Amino acid sequence: MRHVLKRAGLGIAAAVACAGLMAGLAGCTSDGGLDIGMGGKGRSPEDTIRVTPEDGAEGVEPDSRVEVRVPSGRLERVRVVKVEDAQPVEVPGTVSEDGLRWRPARGARLALAAKYSVDAVALDGHGRRSARHTTFTTAVPEHRFIGYFKPENRSTVGTGMIVSFSFNRPIENRAAVERAIRVTSRPPVEVAGHWFGKERLDFRPRAYWKPGTEVTVDLRLRDVEGAPGVYGIQHKKVGFTVGRSQVSLVDAEEHTMEVRRDGRLVTTVPITAGAPKTTTYNGKMVVTELFDVTRMNGATVGFKDKDGKGEYDIKDVPHAMRLTDSGTFLHGNYWAPASAFGTANVSHGCVGLRDVKGGSADSPAGWFFDRTLIGDVVEVVKSADRKVSPDNGLGGWNMDWARWKAGSALR
């Protein structure tokens, strides 16, 4: 009972009263209410302070009515709190002008799979207090959704980084989900979302981020209904820092790659791009993964022999930097003749830099790899192929700003 009184805000005096040391006390009730004269002797706390949902209610829906009221007198204070969580969260609300009713603030919504406590104190016409403590639990949904996102929290990325969410379930209520994800930056710039189908949502500014920008991603997806009966589970804040600018231009005709750091040409590297029958995509692509060494099997991206096996299967490709989801990499190449780099296009669509078996930091591939961040931009021009699709990797920079913003569910 002492715990209940403390939560209701009655303090030591009320606790002493409950012990029977103060005259005029009607009694401590079994449900956690303290009735001090509101309406007369013998009146139950349920009659004195009426709480909806009822005490001990289970499976309460998040949009159910929450209300505390008294038949007479006035409510002095009401506190509704989500408890048994890492951080208690109070439900905002106000008492009506006549003092008889408390309701949540407009737009306030209960969380799913949560326990709430209600602590209320009321005064009767003679200034005598009555307190009540109740609890209820909300419904646990059968289905949840989660958004897997890039980049990683606390990472340092290139200026071309796009914040990308892929959802584990199709999102029907795209506006509600997009509204629940806030991407902000210091210094501030306009950031807009763009949906690619029902399971992917990307965010970017109009132009590449400025070096040194700090970006915050505030996810408030918990209890957001993304589709009928499917609710979000995440409530967290993550962030990343934009490092120096590095944009590299691959010229498939000239067989070169110009590497620019903060707008200044650092070096020009000889490359080999896609062969005539397996050309490299044109357009702006963003590095999304870095591998010291990886295996590349043509069968996984559609390059198969008549027997169904991959046209190539290289188990130790060094210094591999992924550019698209469909399998375009910029990587070290030790199997092509050294004479191919800078003179011919011989790959299956990737951009190759000269390297040695096992990889070398002193090779062109090793040099570039060691100076590359997730989020750096590689743009390919003058290839006999189409422009990369905006949803193939982080290809959203190939859309102009008007078209990008048109893909927002909040337009």
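Just one of R186, R182, R174 is basic (K, R) and closer than 13 Å to V163 by Cβ; which is it?
R182
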Cβ pairs under 6 Å, 6+ apart, first in region 68-81 and assigned by TED's automatic domain parsing to the domain that holds A131 and over 27 Å from T138 (Cβ atoms), second assigned to a loop (DSSP other than H, G, I, E, B) and modelled with pLDDT of 95 or more
R74/G99
Counting only residues that are at negative phi and in a loop (DSSP other than H, G, I, E, B), region 364-411 contains a total of 24
Counting only residues that are over 21 Å from the mean Cα position of the chain (by Cα), give me the strands (runs of 3 or more DSSP E) lying completely in region 219-276 with at least 2 of them.
246-251, 256-261, 264-272
Hey, E54 hits all of (1) assigned to a loop (DSSP other than H, G, I, E, B); (2) at pLDDT 90 or above; (3) under 30 Å from G226 (Cβ atoms) but one; which does it fall short on?
(3)
Mind listing just one residue for me: the one in region 57-78 that is assigned to a loop (DSSP other than H, G, I, E, B) and of a type in the set (V, I, T) and, of those, farthest from R109 (Cα to Cα)?
V70
Quick check on my filter: what residues within region 343-362 are over 28 Å from R154 (Cβ atoms), out of contact with any His (no Cβ under 8 Å at 6 or more places or on another chain) and either assigned to a loop (DSSP other than H, G, I, E, B) or not charged (D, E, K, R) (or both)?
V346, S347, H348, G349, V356, K357, G358, S360, D362
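Only residues that are out of contact with any strand residue (DSSP E or B) (no Cβ under 8 Å at 6 or more places or on another chain) and either in a loop (DSSP other than H, G, I, E, B) or in contact (Cβ under 8 Å) with a residue 40 or more places away in the chain (or both): list them for region 333-342, please.
Hit for region 333-342 is P337, nothing else.
Could you grab me the full set of residues in region 65-92 that are on the phi < 0 side of the Ramachandran plot and of a type in the set (G, A, S)?
S72, A86 - these are the residues of region 65-92 that are on the phi < 0 side of the Ramachandran plot and of a type in the set (G, A, S).
Table: residues versus (1) in contact with a helix residue (DSSP H, G or I) (Cβ under 8 Å, 6 or more places away or on another chain); (2) polar (S, T, N, Q); (3) over 23 Å from S245 (Cα atoms).
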position: V121; (1), (2), (3): yes, no, yes
position: S164; (1), (2), (3): no, yes, no
position: R174; (1), (2), (3): no, no, yes
position: A192; (1), (2), (3): yes, no, no
F203 versus (1) in a loop (DSSP other than H, G, I, E, B); (2) under 18 Å from I162 (Cβ atoms): which is the lone unmet condition?
(1)
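The values are calculated or read from the model by the stated rules, or taken from the named source; none is laboratory data. Note that the coordinates shown come from a computational prediction; the quantities given were computed from them, not determined experimentally. Cβ sites come from the backbone with ideal geometry, for glycine too, and all protein chains shown count toward neighbours.
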